[in-house]
Structures are given as structure tokens and as C-alpha cells.
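Notes for the one structure printed next.
Derivation of every value follows stated rules applied to the coordinates shown; laboratory data play no part. Keep in mind that this is a model prediction, so the values were computed, not measured. Backbone-built Cβ (ideal geometry, glycine too); neighbour counts: all protein chains shown.
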Amino acid sequence: MGTRAYRSERREADAAATRAAIRDAASRLFVAQGYAATTLRDVAREAGVGERTVYAAFASKFDLYHHALDVATVGDEEPVPVRDRPEVAAALEVPDPRASLAAGIDYGVALFERAGDLIWVGIQAEGADPQVRALAEGGSRETRAVMLRTAVDLAERRALRPGLGAHEAADVLFSLSSPHVFHLLRRVCGWSAQAYRAWLQRTLADQLLGE
């Protein structure tokens, strides 16, 4: 009984390690050469496994990309979306509005450092692949909902600058905190993560908060 349990745990651990190796290899290739140009054969070669092993773990290239993006976005394999992550709730519970906004921005910047390049892969591919487009559009809606939640919280605290409503504030958050701006400043312009974070903190505070 004990031996069988041990063997089962060992197999599960080996399978998880193989999935992680495939996921990491796929992530590197998607970022390096794009979604369309990456094949599962490429991924198998990069991961050092057989092509059948890749297909056994993931039904299609899209399933693999979706999995890699999900794990990069939240930082683990738990099926808990960003809006329900404890870090997001904790940021909203910070008593000082300015510090609350800063905590939310810190979470978003860390998310982009993990997943920004894979998100950009999807943005580039969405015009050619309907599944990727649907995934990107869903991610955009989820992000907009989180930004609106943040903006409503600031409005209820009377922390927004005079004349700025919650929906307009959410639009500002959504635009300036977008993967497009992240890509331009971090990858095209070559800003450091620290410079990008400081700029975003300063700019959003200036745009959203009152005195």
C-alpha cells in the first residue's frame, strides 16, 4: 500500500516536472519566434522530450500557450484568477489611498515582469488566430474589471481628483497600465523594471489622485 502510494506520488511529480519543462520551453520559443512560427515539434526539441510526450500533456499548441500564459500571469498553477488573488484584495484594503494604489501597481508590474512578453505574443497573434484573439479579448475584459474595481474603491474613499469619475479613472488605469505601454517602455525603449515602476507610480498618482 505504502509502496504503491510512493510510486503514484513519484509519477505525479515526474509528470508535473515534465509539464513544467514543456511549459518553460514553449514560453521561450513563443517569445523568441512568435506564436505562429512555433510548432510542438520545436517545443519538444527545446524541452528535450519526445513529441508524443508534448501531445500527451497538451492537446494543441493553443492549449499549451493558454497554460503557459495562465501560469505566468498568476505565478502558479492554482486556478484562481487575478481578480480573486489575495494580493489584489490586500491592495484594496490598505488604509491610505495613495499607498493602496501603489500596492496595486506593484502587483501589476510584477505580473508583467512574469507574463508581459507572453501577453504580447498573444496581442501579435490575435489577428491570425481566432482562439488567441478570444483569449486576448477575455484577458482584456478581466483586466478592465480589475481596474474598474480599483477606481471605484478610490472614488468611494473620495481619493480621486476633483471632476474625475470612477469610469474615467478606470480608463486611465487600463490605458497606462496596459501591456502595450509595458512593451514600449521595457522592451522597445529599454527601460529598467525599476524605472518603469517608478514612472507608472508617479504618473498614475498624478493623473488619478487629489491632493
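Per residue, the chain reaches -24500 deg cm²/dmol at 222 nm when only DSSP H runs of four or more residues are counted, each adding -39500 (n - 2.57). By the count of neighbouring beta-carbon atoms within 10 Å, fewest first, 123, 105 end up ordered 123, 105.
Summing charges over all other residues whose Cβ lies under 14 Å from the Cβ of residue 61, with Lys and Arg as +1 and Asp and Glu as -1, gives -3.
Between beta-carbons, use under 11 Å as the cut-off and find the net charge around residue 89, counting Lys and Arg +1, Asp and Glu -1.
Combined, the nearby Lys, Arg, Asp and Glu give -1.
Translational diffusion coefficient of the chain at 4 °C, 1.567 mPa s, Stokes-Einstein with Kirkwood Rh over Cα pairs, in µm²/s as a whole number.
Numbers: Rh = 18.9 Å.
It diffuses with D of about 69 µm²/s by this estimate.
Projecting label points 7 angstrom from Cα along Cα→Cβ for residue 187 and residue 63 puts them 2.7 nm apart.
Which FRET efficiency value, to the nearest 0.05, do you get for residue 194 and residue 93 by plugging their Cβ-Cβ distance into 1/(1 + (r/R0)^6) with R0 = 30 Å? With R0 = 30 Å, the Cβ-Cβ based efficiency is 0.70. Report the residues of segment 185-209 in range of a label on residue 158: point 7 Å along Cα→C-beta, backbone N strictly under 20 Å from it. Correct set: 208-209. From the alpha carbon centroid of segment 164-189 to that of segment 46-97 is 22 Å.
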